[in-house]
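The values are calculated or read from the model by the stated rules, or taken from the named source; none is laboratory data. What you see is a predicted model, and the numbers here were worked out from it, not measured in a lab. Note: ideal-geometry Cβ built from the backbone for every residue, glycine included; neighbour counts use all protein chains shown.
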Amino acid sequence: MYEEFTVTDRWTREPLHCVWKGTLVAIATRHADATDIRFAVNGRPVWVALPNLAWVEQKRRTGYVITDQLAAQVAGRYLKQAIESGYDNGREIYTLTVEEVLDHANAVVKEAGGTVRLPSLPIINEDEQPEEELHIKLPGEPAA
């Protein structure tokens, strides 16, 4: 579905290949109450930030949780629509509201026909640490 897709940029008509690269709780990396989903868009890193409150609100409203797979699909669906609509302007990070997360989550589950039909997320590289793959430094690590 949205863990890997190609979309055409509205303004340049350039095909953009988008690939999910990882999911990080942003509390540790940028002191934000969000979960960041990273994509590579033609190799360029793009982050979609989902507020952690969306997990709480989803559980309160529906009794169901947002899984890692669903979070990646939500972020990918948002990114695809942002590019198609022309909203993508080369930003490095996009931040969704709680309502946007819940709307996209509902749409993704409906498109998939249920959460059990969501694709599993690929293992990017078994031999490399996630922080190396994502090109980030974790807090408290010594400078290299």
Handout entry: Failed item in (1) polar (S, T, N, Q); (2) part of a loop (DSSP other than H, G, I, E, B); (3) surrounded by 16 or more Cβ atoms within 10 Å (Cβ to Cβ), with Thr35 passing the rest
Key = (2)
Handout entry: Residues of region 85-103 satisfying the condition of being in contact with a strand residue (DSSP E or B) (Cβ under 9 Å, 6 or more places away or on another chain), not hydrophobic (A, V, I, L, M, F, W, C) and not in a loop (DSSP other than H, G, I, E, B)
Key = Tyr94, Thr95, Glu100
Problem - Restricting region 42-52 to residues that are farther than 16 Å from Phe5 by Cβ and out of contact with any helix residue (DSSP H, G or I) (no Cβ under 7 Å at 6 or more places or on another chain), the residue that is surrounded by the fewest Cβ atoms within 10 Å (Cβ to Cβ) - result: Pro45
Problem - Count of residues meeting criterion [surrounded by 10 or more Cβ atoms within 10 Å (Cβ to Cβ), modelled with pLDDT of 80 or more and either over 15 Å from the mean Cα position of the chain (by Cα) or over 23 Å from Ala40 (Cβ atoms) (or both)] in region 108-131 - result: 5
Handout entry: Tally, over region 13-43, of residues that are basic (Lys, Arg) and either at pLDDT 95 or above or under 18 Å from Leu96 (Cα atoms) (or both)
Key = 2
Exercise for the section: Could you tell me whether Arg61 is surrounded by fewer than 19 Cβ atoms within 10 Å (Cβ to Cβ), under 26 Å from Gly114 (Cβ atoms) and either of a type in the set (A, V, I, L, M) or in contact (Cβ under 8 Å) with a residue 12 or more places away in the chain (or both)? Expected result: yes
Problem - Odd one out for Leu79, checked against (1) out of contact with any helix residue (DSSP H, G or I) (no Cβ under 9 Å at 6 or more places or on another chain); (2) at pLDDT below 95 - result: (2)
Exercise for the section: Report, ordered by the first and then the second residue, all pairs with beta carbons closer than 7 Å, sequence separation of six or more or different chains, a first member in region 7-24 that is within 15 Å of Leu79 (Cα to Cα), and a second member that is surrounded by 13 or more Cβ atoms within 10 Å (Cβ to Cβ) and of a type in the set (Ser, Thr, Tyr). Expected result: Thr23/Thr35
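Okay, residues lined up against (1) of a type outside the set (Asp, Glu); (2) surrounded by 20 or more Cβ atoms within 10 Å (Cβ to Cβ); (3) assigned to a strand (DSSP E or B):
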| position | (1), (2), (3) |
| --- | --- |
| Gly22 | yes, no, yes |
| Ala28 | yes, no, no |
| Ala40 | yes, no, yes |
| Ala54 | yes, yes, no |
| Gly76 | yes, yes, no |
Completion exercise
Counting only residues in region 1-20 that are surrounded by fewer than 17 Cβ atoms within 10 Å (Cβ to Cβ) and hydroxyl-bearing (Ser, Thr, Tyr), the one farthest from Arg38 (Cα to Cα) is identified as Thr12
